[in-house]
Amino acid sequence: MTARTRRIRRSLIGMLLLTTGIVVVLTTAAFSVYEVVTTRELASRDLATLAKLIAANSTAALAFDNPGDARRVLATVRTERHVSAAALYSRDGTLFATYPATVGKSLPARAPAVGERFAPSQLVVVQGVFQGNLRLGTLYLKSDLGVIYERIRLYALIAGIILALAGASAYLIASRLQREISDPILALAETATAVSQKGDYSVRAPPAPGHELGLLTGAFNHMLTRIEEAQSRLHIQLARLDLLHRITRAIGDRLDLSSIFQVVVGTLEADLPIDFGCICTHEPGAQFIRLQSIGARSLALAGALGLSQGEPIPIDPNGLSRCIGGELVYEPDTSSLPFPFPKRFAGAGIHSLVIAPMIVEQSVFSILVAGRCASEAFSSADCEFLDHLCGHVALAARQAQLHGALRQAYDDLRRSQQAVMQQERLRALGQMASGIAHDINNAISPVALYTESLLEREPNLSDRARGYLGTIQRAIEDVADTVARMREFYRPREPQLVLARVALNRTVEHVVDLTRARWSDVPQQRGIVIQLHKELSPDLPQIMGAEGEIRDALTNLIFNAVDAMPQGGTLTVRTRASFIPDGSCGAVGAGEAERRVTVEVADSGIGMDEETRRRCLEPFYTTKGERGTGLGLAMVYGMVQRHSAELEIDSKPGCGATVRLSFPVTSEAPQVSAPSMRAQPERRLSILLVDDDPLLIKSLRDILEGDGHRVTAADGGQHGIDEFTAAQKREMPFEVVITDLGMPYVDGRRVAAAVRAASPTTPIILLTGWGRRLLAENDIPPHVDRVLGKPPKLMELRAALADLTGSRAA
Amino acid sequence: MSSILRRIALLAVLCGALGLAPCSPAKAAPEYRVKAAFLFNFSQFVSWPPQAFASATAPVVIAVLGRNPFGSDLIAIVRGERVGEHPLIVRQYSDVSEVDRCHILFIDRSETARLPQILEALRGRNILTVSDIDGSAQTGVMIDLVNRDHHIRMEINNGAARASGLTISSDLLRLARIVGPKA
C-alpha cells in the first residue's frame, strides 16, 4: 500500500470521525446550552410560581400574624427537593417564619429586595406578599441548582458514550466505504498512474461495485480500450507512412520502370508484408496484361501460378477489368470466385488478393497484384495504402517517362544545333572556296586560252615548245579541275536530284585526292601512317547519279574509316562491276542478271559492335562524342536511297569495317561521246565581248579574232549595254553577245536582260567563274542562251558559237 | 427562639398599653392596636356585594359602635389605604340606629348588653360585624376576636356572614375557628 492510498484512507476515516465528532459535540453543546438555559428558566419560572403560590397562601398568616400558619404554608416546599430554604418576612421586614425551622441563621436578617438572583449553584427568588394592593410582607425562596448541573454532567456522559459509539460506527462505515469507494478509486488511480507513467494502454482497472463507480471504471476502461485501439492504429499508420516514404524515396531515385517496379514489389514483400506481389503492365486498349516484375519471394509461387515474365494474361470480366477501369479491387476470398484469374491464385494458396491500378493521364498503364495466403487478410487500411502507393508509383513512372522524353528532346536539340553549326561552317567555307575559285578561274583563263591557241595555230613550234605548252595546258587543266572540285566542296542541297552520268572511278580519284589531307597529312603529323589502296576496276560502266552527292558520301566514308583507325592502318577503296543473279531481287525478268557497280571503303580499324552496327545509320547516332554530328552515315544512307542503291556494312569489333555501296547500272546509259574537236561556225561573226577583266578581254579577243570573228570589247556591264544599243542604232547589230556574269555595278544578268530587251533574237553566252555551279543548280539566269565556265575551253566556245548562230542561220 | 422573643416583646407592649391606657385616651392599648390592624385587614379578605357601595369609588366604611377602644390608631392605620378603588374611612357610632352605610362594624364590649338588638338591627344588611365580646360569634357576630395565649385569634360565624351577603376569603377562614349555627 502506498503513501497515497494510506493518505486517502486516513483522510476518509478522519473526515468521517471528525464529522461525527463535530456533530455529536455540537449537538451535545447545543443540548447542554439549551438545557442550562431552559432549566434555569424553568427553575426560575418554577420557583417564581412556587413563590406566587406560597405568597398567595401566606397572606392571611402575615395579615393576621399567624407564624404557625406561615410555617405550615412554607412547609409545602418540602415536595420541591431543590428548594433548600424558604422564609417569610413581615411587613416591617423582620423574619416572620422559616423553612426548615432551623435554617434561620443562614438567611438574611431583614427582608432582601424583591427580585431573582442567580448565584453559583443556587437561585434566590424574593417576592412581595400582597393582598390586593396591600403589601403584607416578603417571601424568600432559595433553590439549589446542583440538580441542573448534575443533569448537564449526565448529558456530558451520554454525549461521551454517543461520541464513542459514533466514532466506532464511523470507523466501521469508513472501512466499508473504503472497500466500496476508496478501493475502486485507488485501483483507478493506480491504473491511471500506470498508464501515464509507462504509456501502457493495455492495463485495465478492475471492475468496481456500485452503479456510479462501476460506470466510472467502465468508462475509464472503455476509454483505455479506445486509446489503445487508436494508438495501435496510429502505429500501423506510422509504419505504413514510413514504408510509403521509403518506397517513394527509393523509386524517386530510379528512372527506369522495371527498376521502380522491382523496388516496389520487393519492399512490399518484405515490409507490408505480403505473400505474393507482382506488377503487370497494360497497353491501352489491350485485352491482356503482361507480367512485368515479380518479387523475389514470389518467384516460387509464380511457378505454381503458371505466370512467367512477359506472358500475356487475359483480362477477366470481373476483377481485372474493373481494375483496368481504374478501380482498386479487393478479392477477400479468391476460392469463391468463378473467374480464371482469381482461381489461379486460389489454386496456388493465395486466398486474398488486392489488384490496384496505376494510372497516368486517365489510363491504367500497370497494375499491382498483392496477395496473402489467408482469406480476408487485407484491411481497408491495407487497401488504402496500396492505392496510395500505386498513385506514387504511377507518378514516379510518369516522371521517369517524362525524364526520358526530356533527355531525348535535349539530345535531339543538341545534335540539331551541332548539325546546323556544322552546316553553317561548311557554307562559309564553301562560299570562301567559291570566291577563291572564281578569282583563280579568271586569272588562269588567259593562260588556258593562249596555250590552247598556240598549240592549235602555231604549226611551226618546235617539239620542245609544243611539249612545254602541253605541260602548261595539263597543269592549267589540273588547276581548273582542282579549283572546280574545291568549289563544289560546298553546295547547298538541291531541290531535286539532277542525275547525270557518273564515272565512279573518276569520282573515287577525286575524293581520294580531296581527302588526302585527312588520311595522309594529319595522321602523319601525329606519327601515324594510314596506307591507302585503290583497287579500281578499269572497265567500269557509268551510272546515273548526282556526282556531288556520291562524292560527299564517299568523303564521309573515308573520314569514318580514318576515324576508326586512330593507330593507323590500311584504307582500301575498291570499285567493281558485278552481276547480281536473279532471285535475290526479283525486279528483273527470269534468266537475266542485274548489273551493278560497287564501291567499297574498307578499313582495318576498331570495327563496330552489333549495337553500333544496327544503329549507325540513325540520324544523330554517333560514337565520336562531341566531334561527331551523327549525320555522316545518315547522309550516306539518304544518298543511297535516292540513287536506288544498296548499302551493306560488314564489321566486327577489332576487325575493321567495310561499307559497300552498290549502284544499279542503267542499261541504256550510253558512252559519253567526245565533242567534235574542231567545230567551226560557218561564217564570221560580229561579237560583243563584255568583261571587267582586261586580261580576259584581251586573250578572248585574240582567240576569237584569230578565228576570224569581229570582236568589240566593253570593259563593264553598262559599257557593254551602251555598245550594243549604239550598234543597233548604226544598223550594224552584234550577232552574238559574250558577257561575264560577275561585274561591278551592272552584272551579266542585267546585260543579258538589256540585250534581250533590245534584240530578242541575239544569242547571249554567259561566261562565269561560277558557271558549273549555276549549271548544277539549274540556276541559269533568264535571257541567257548558254553558260560557259571559266577558264573557257576553246573547243567549247567554238561549239557554242556554232550551235547558237548555226541554228539561227538554219 | 424568635417566637419566645416575640412573645416577650408582645407582652411588654401589652403591659405598656394597659399601664398607659387610662392616662392617654387617644392611645389605645397594644391589644387594640393589633385589633385595629385586624379590622383594616378584614377589608382585604372580605368581599361585599356590589350594592353595598353607592359607586365604584365609594369608600369602605369601618365603624366603631359604642366606646372607641382604638383611639386614633384605627384612623392612623387606614389613612391612605384603599381596597381596590375604594378608599377607607373610619366612623364612630354610639347607637346602632346611627348606623347607616357601613361595611365593617366593630361592636365594642360596652355594647355587650345590647348585642342581640344590635344584631337584630343589622340583620340583612351588608355589614361585617366584628366584636371582641366573649362568645359573640356564637350569638351572631360574624367575627369574634379572641385573645388566646396572648395571641389574637378569630372565631368566625360564616353563616351569619353569608346571610348578610358577604364572602369571607378562605385564607381568613383557614386561620379562624368556624363557629355558630350551621347555616
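The values are calculated or read from the model by the stated rules, or taken from the named source; none is laboratory data. Model, not experiment: these values are computed from the prediction. Virtual Cβ from ideal backbone geometry, glycine too; neighbours counted across all protein chains shown. Protein only, heavy atoms only, side chains kept; ligands, DNA and RNA dropped before computing areas. Shrake-Rupley method; radii C 1.70, N 1.55, O 1.52, S 1.80 Å.
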Within the stretch B:171-183, restricting to residues that are open to solvent by 80 Å² or more (accessible area, probe 1.4 Å) and not aliphatic (A, V, I, L, M), the one that is modelled with the lowest pLDDT is B:182
So for the stretch A:50-62 (the condition being away from chain B (no Cβ under 11 Å) and farther than 30 Å from residue B:84 by Cα), does at least one residue qualify? no
Members of the stretch A:124-135 found to be within 14 Å of chain B (Cβ to nearest Cβ) and surrounded by fewer than 19 Cβ atoms within 10 Å (Cβ to Cβ), listed by number: A:130, A:132, A:133, A:134, A:135
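Looking at the stretch A:258-274, is at least one residue over 24 Å from the mean Cα position of the chain (by Cα), in the same structural domain as residue A:348 (by TED's automatic domain parsing), part of a strand (DSSP E or B) and of a type in the set (A, V, I, L, M, F, W, C)?
Looking through the stretch A:258-274, none of the residues is over 24 Å from the mean Cα position of the chain (by Cα), in the same structural domain as residue A:348 (by TED's automatic domain parsing), part of a strand (DSSP E or B) and of a type in the set (A, V, I, L, M, F, W, C).
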For a quick check of your reading of the model, give me the residue pairs whose first member lies in the stretch A:224-237 and is over 20 Å from residue A:273 (Cα atoms) and open to solvent by less than 80 Å² (accessible area, probe 1.4 Å), whose second is basic (Lys, Arg) and modelled with pLDDT under 90, with beta-carbon atoms closer than 7 Å and at least 6 apart or on different chains. A:224/A:204
Across the stretch A:88-108, the tally of residues that are touching a residue at least 12 places away in the same chain (Cβ under 8 Å) and more than 11 Å from chain B (Cβ to nearest Cβ) stands at 9
Give the residues of the stretch A:477-514 that are modelled with pLDDT of 85 or more and open to solvent by less than 40 Å² (accessible area, probe 1.4 Å), sorted by residue number. A:502, A:503, A:504, A:505, A:507, A:508, A:511, A:512
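Residues in the stretch B:141-152 that are surrounded by 21 or more Cβ atoms within 10 Å (Cβ to Cβ) and either basic (Lys, Arg) or away from every other protein chain (no Cβ under 14 Å) (or both): how many? Steps first, answer last, please.
The initial filter retains those residues of the stretch B:141-152 that are surrounded by 21 or more Cβ atoms within 10 Å (Cβ to Cβ), namely B:141-145.
Checking the rest, the ones that are also either basic (Lys, Arg) or away from every other protein chain (no Cβ under 14 Å) (or both) come to B:141-142.
Count: 2.
So, in the stretch A:297-344, exactly how many residues are under 27 Å from the mean Cα position of the chain (by Cα) and either basic (Lys, Arg) or open to solvent by 20 Å² or more (accessible area, probe 1.4 Å) (or both)?
Matching residues across the stretch A:297-344 total 5.
Does the stretch A:448-476 hold any residues that are β-branched (Val, Ile, Thr), touching a residue at least 24 places away in the same chain (Cβ under 8 Å) and open to solvent by 60 Å² or more (accessible area, probe 1.4 Å), and which are they?
First, the residues of the stretch A:448-476 that are β-branched (Val, Ile, Thr): A:451, A:471-472, A:476.
From what is left, the residues that are touching a residue at least 24 places away in the same chain (Cβ under 8 Å) are A:451, A:472, A:476.
A:472, the sole residue that qualifies.
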Just name the residue that is farthest from the other protein chains (Cβ to nearest Cβ) out of those in the stretch B:87-101 that are modelled with pLDDT under 90 and buried (at least 18 other Cβ atoms within 10 Å of the Cβ). B:96
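Of all residues in the stretch A:186-211, how many are open to solvent by 60 Å² or more (accessible area, probe 1.4 Å) and modelled with pLDDT of 80 or more? Break it down stepwise before answering.
Residues of the stretch A:186-211 open to solvent by 60 Å² or more (accessible area, probe 1.4 Å): A:190, A:196-198, A:202, A:204, A:206-207, A:209, A:211.
Keeping just the survivors that are modelled with pLDDT of 80 or more gives A:190, A:196-198, A:202, A:204, A:206-207.
Going through the stretch A:186-211 one residue at a time, the tally reaches 8.
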Within the stretch A:136-163, can you find the residues that are more than 17 Å from residue A:42 (Cβ to Cβ) and either open to solvent by less than 70 Å² (accessible area, probe 1.4 Å) or in a strand (DSSP E or B) (or both)? A:136, A:137, A:138, A:139, A:140, A:156, A:159, A:160, A:163
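Somewhere in the stretch A:410-426, is a residue under 14 Å from the mean Cα position of the chain (by Cα), assigned to a helix (DSSP H, G or I), at pLDDT below 85 and not assigned by TED's automatic domain parsing to the domain that holds residue A:272? Steps first, answer last, please.
Going through the stretch A:410-426, the residues under 14 Å from the mean Cα position of the chain (by Cα) turn out to be none.
No; the residues of the stretch A:410-426 include none that is under 14 Å from the mean Cα position of the chain (by Cα), assigned to a helix (DSSP H, G or I), at pLDDT below 85 and not assigned by TED's automatic domain parsing to the domain that holds residue A:272.
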When you look at residue A:436, is it surrounded by fewer than 18 Cβ atoms within 10 Å (Cβ to Cβ) and over 20 Å from residue A:291 (Cβ atoms), yes or no? yes
Looking at (1) in a loop (DSSP other than H, G, I, E, B); (2) within 14 Å of chain B (Cβ to nearest Cβ); (3) surrounded by 15 or more Cβ atoms within 10 Å (Cβ to Cβ), which is the only condition residue A:112 fails? (2)
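Would you confirm whether any residue within the stretch A:683-699 is open to solvent by 70 Å² or more (accessible area, probe 1.4 Å) and modelled with pLDDT under 80?
Filtering the stretch A:683-699 for residues open to solvent by 70 Å² or more (accessible area, probe 1.4 Å) gives A:683-684, A:694-695, A:698.
This time we only want the ones that are modelled with pLDDT under 80, so: A:683.
So far as the stretch A:683-699 goes, yes, one or more of its residues are open to solvent by 70 Å² or more (accessible area, probe 1.4 Å) and modelled with pLDDT under 80.
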Any residue at all in the stretch B:38-51 that is at pLDDT below 90, more than 14 Å from chain A (Cβ to nearest Cβ) and surrounded by 14 or more Cβ atoms within 10 Å (Cβ to Cβ)? no
Residue hits (the stretch B:153-166; open to solvent by 20 Å² or more (accessible area, probe 1.4 Å) and within 14 Å of chain A (Cβ to nearest Cβ)) are B:153
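Quick check on residue A:41: is it touching a Leu at 6+ places or on another chain (Cβ under 9 Å), open to solvent by 40 Å² or more (accessible area, probe 1.4 Å) and away from chain B (no Cβ under 14 Å)? Break it down into steps so the answer makes sense when it comes.
Working: touching a Leu at 6+ places or on another chain (Cβ under 9 Å): no; open to solvent by 40 Å² or more (accessible area, probe 1.4 Å): yes; away from chain B (no Cβ under 14 Å): yes.
Against the criterion (touching a Leu at 6+ places or on another chain (Cβ under 9 Å), open to solvent by 40 Å² or more (accessible area, probe 1.4 Å) and away from chain B (no Cβ under 14 Å)), residue A:41 does not qualify.
So which residues in the stretch A:718-746 are in a loop (DSSP other than H, G, I, E, B) and in contact with a Gly (Cβ under 9 Å, 6 or more places away or on another chain)? Before the answer, list the steps.
Just the residues of the stretch A:718-746 that are in a loop (DSSP other than H, G, I, E, B), to begin with: A:730-735, A:741-746.
Hits for the stretch A:718-746 are A:741, A:742, A:743, A:744, A:745, A:746.
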